[in-house]
Amino acid sequence: MPFSEGFLWGGATAANQCEGGYDEGGRGLANVDVIPHGPDRGPAMRGDGTPLSCDDAHYYPSHEAIDLYHRYREDIALLAEMGFKVYRMSIAWTRIFPGGDEEEPNEAGLAFYEDVFRCCRDHGIEPLVTITHFDLPVHLIEEYGGWRSRELIGFYQRLARTLFTRYKGLVRYWLTFNEINMILHLPFMGAGLVFAEGEDREQAQYLAAHNELVASAWATKIAHEVDPGNKVGCMLAAGSYYPYSCNPADVRDAQLKNQENYFFVDVQARGHYPAYALKKFERDGIDVGMTAEDERVLAENPVDFVSFSYYSSRCTAAEPPEGAEMTGNAFHGVKNPYLAASQWGWAIDPLGLRITMNDLWDRYQKPLFIVENGLGARDVVEADGSIDDDYRIDYLRAHIEAMRDAVTEDGVELLGYTTWGPIDLVSASTGEMSKRYGFVYVDRDDAGEGTLERRRKKSFWWYKKVIESNGEDLD
Ligand code: BG6
């Protein structure tokens, strides 16, 4: 058996990309609700003049998403049918504290998630809960400027304590911040940063990052106090940077780009700022406002495990050679000439998963958890209603093989594997529905039209078999 007994196979979603019901059950307005579909999405995610309210001229996909808010019983039953051992999902902060800074939580929101967790448990599924997956109450942006403000550390502590206390015995695995390093790329998503004209963006981004890192350490401490059985992980948007060539300048460039991302996990897993970051702050005049108490809480509360998303590797050159194609998503770089790409231009690199796993394991020596992996692709519904997504099966098979090799041949310790979007959901980067990751098809298009009917794809039966055989049968 390549994987241990109890290996956690499953899938992952995020509240804002699947729940909908954005103004139901006392939920407040969140940053993710004011990010529209269409050409204004990019600047909104980056915090370039993002409006903090909605208007009639735009379509906001989070408002209804795939309506999991009303259909979670049906959806969790589908995941259970595939044999899921774990379901990674996130809490919408605004369901629990609608404005973020209230003294008392919203009971309707707490009851909703309690029911979701009970439903998972009834199916023998372990919930893995992300406390914040890119979401933040709009009120905390308007009143405090988002994660720039230290006051958010206290509000986050209250949120975390409320969750750990209420769901004690129901939830044991927690992630503090989804893809915490995204703050450097899409600072409005998650951190709620909207930049003033002429503002030093880097200073604001690292200040917000520091506040999140300290909040994450506090949450880890509280989780262990409330229930010593709780396991808390950090979460990185991973994928190692390769140098475009063996020119040392390219190798150094890749090293620097990797450090930019590892910085977050270096703090969360080791409990202190790495020297290269402190030197950078000194050089660039960045002040994160570190206090003696911050230092102590970081040092005393490293995470229990390191989780990450992996879709592709990255590639960089100190001086991109003439004619080299550049890639345009959140992580800018040179197109790797050795790799094919998805319909959205994301490089497909299964071996890169093994490389990334080894990089992270060597660096931290903490158990890893792959909490996102998958292929965003356009699916076609055939005349008979079937969806033959062999391309998705091929992508996942190759990545599971690479993951298996990292475990069996390299000795990497791995807790589990959750594919991204086991049921089709809204794309975070584009707001589209047509960028599908699921084993379950959802009848809804990019404009929000469709019946929302669920339908099993070919990959549904394939993944069921993978789980049943604990990763042995990948055919
Ligand atoms: C990760 C996020 O960045 O990648 C998810 O944690 C996101 O929220 C996923 O959906 C895939 O990206 P996209 O843009 O294809 O939805």
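Observations on the model:
- Considering residues of segment 305-332 that are free of Cβ contacts under 8 Å to residues at least 24 places away in the same chain and in a strand (DSSP E or B) only, the residue farthest from the ligand (Cβ to nearest atom): 326
- Test result for residue 140, among the aliphatic types (A, V, I, L, M), away from the ligand (no atom under 16 Å from the Cβ), farther than 19 Å from residue 208 by Cα and out of contact with any strand residue (DSSP E or B) (no Cβ under 9 Å at 6 or more places or on another chain): no
- Helices (runs of 4 or more DSSP H) contained in segment 83-193 and holding at least 1 residues under 30 Å from residue 462 (Cα atoms) and in contact with a helix residue (DSSP H, G or I) (Cβ under 6 Å, 6 or more places away or on another chain): 107-122
- Matching option when the condition is surrounded by 17 or more Cβ atoms within 10 Å (Cβ to Cβ) and modelled with pLDDT of 95 or more, among 256, 278, 213: 213
- Answer from 414, 396, 425 - the residue that is of a type outside the set (Ser, Thr, Tyr), within 16 Å of the ligand (Cβ to nearest atom), crowded, with 18+ Cβ neighbours inside 10 Å and over 20 Å from residue 90 (Cα atoms): 396
- Filtered by the rule that a residue be of a type in the set (Gly, Ala, Ser) and in contact (Cβ under 8 Å) with a residue 24 or more places away in the chain, segment 175-230 gives 190, 191, 192, 204, 208, 209, 215, 216, 217, 219, 223, 229.
- Candidate set: segment 333-355, residues that are part of a loop (DSSP other than H, G, I, E, B) and within 15 Å of the ligand (Cβ to nearest atom); chosen: the one nearest to the chain's Cα centre (by Cα): 346
- Residue 120 meets all of the listed conditions (1) under 24 Å from residue 224 (Cα atoms); (2) in contact (Cβ under 8 Å) with a residue 60 or more places away in the chain but one, namely (2).
- Scanning segment 32-66 for residues that are assigned to a loop (DSSP other than H, G, I, E, B), among the small types (Gly, Ala, Ser) and closer than 19 Å to residue 17 by Cβ yields 38, 65.
- For segment 399-426, a residue qualifies if it is closer than 24 Å to residue 78 by Cα and out of contact with any Lys or Arg (no Cβ under 6 Å at 6 or more places or on another chain), and the qualifying residues are 399, 400, 415, 416, 417, 419, 420, 421, 422, 423, 425, 426.
- Qualifying residue in segment 357-368 (condition: in contact with a Lys or Arg (Cβ under 7 Å, 6 or more places away or on another chain) and either within 14 Å of the ligand (Cβ to nearest atom) or assigned to a helix (DSSP H, G or I) (or both)): no
- Residue list for segment 41-62, filter: under 24 Å from residue 449 (Cβ atoms) and more than 16 Å from the ligand (Cβ to nearest atom): 54, 55, 56, 57, 58, 59
- Some residue of segment 449-469 being within 15 Å of the ligand (Cβ to nearest atom) and within 22 Å of the chain's Cα centre (by Cα): no
Matching residues to (1) under 24 Å from residue 442 (Cβ atoms); (2) surrounded by 23 or more Cβ atoms within 10 Å (Cβ to Cβ); (3) in contact with a Pro (Cβ under 6 Å, 6 or more places away or on another chain):
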| residue | (1), (2), (3) |
| --- | --- |
| 78 | yes, no, no |
| 84 | yes, yes, no |
| 96 | no, yes, yes |
| 140 | no, yes, no |
| 143 | no, no, no |
| 149 | no, no, no |
| 153 | no, no, no |
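- Among the residues of segment 376-393, the ones that are free of Cβ contacts under 8 Å to residues at least 60 places away in the same chain, part of a loop (DSSP other than H, G, I, E, B) and within 16 Å of the ligand (Cβ to nearest atom) come to 1 in all.
- Some residue of segment 15-31 being more than 29 Å from residue 114 (Cβ to Cβ), in contact with a helix residue (DSSP H, G or I) (Cβ under 7 Å, 6 or more places away or on another chain) and not in a helix (DSSP H, G or I): no
- Candidates are the residues of segment 1-23 that are within 19 Å of residue 136 (Cβ to Cβ) and more than 15 Å from the ligand (Cβ to nearest atom); the one that is nearest to the chain's Cα centre (by Cα) is 20.
- Sole residue being over 26 Å from residue 115 (Cα atoms), more than 16 Å from the ligand (Cβ to nearest atom) and assigned to a helix (DSSP H, G or I), chosen from 204, 223: 204
- Residues satisfying the stated conditions in segment 155-170, i.e. surrounded by fewer than 18 Cβ atoms within 10 Å (Cβ to Cβ) and either among the small types (Gly, Ala, Ser) or in contact with a strand residue (DSSP E or B) (Cβ under 9 Å, 6 or more places away or on another chain) (or both): 169, 170
- Sub-9 Å Cβ pairs linking a first residue in segment 423-440 that is farther than 13 Å from residue 13 by Cα and part of a loop (DSSP other than H, G, I, E, B) to a second residue that is near the ligand (Cβ under 7 Å from one of its atoms) and among the polar types (S, T, N, Q), at least 6 apart or interchain, are 433/427; 434/427; 435/427; 435/429, ordered by first then second residue.
- Any hit, segment 356-368, residues being buried (at least 21 other Cβ atoms within 10 Å of the Cβ), at pLDDT 95 or above, closer than 14 Å to residue 457 by Cβ and out of contact with any strand residue (DSSP E or B) (no Cβ under 7 Å at 6 or more places or on another chain): no
The values are calculated or read from the model by the stated rules, or taken from the named source; none is laboratory data. On a predicted model such as this, the values are computed, not experimentally measured, just so you know. Don't worry about glycine lacking a Cβ; one is built from the backbone with ideal geometry, like all the others, and counts go over all protein chains shown.
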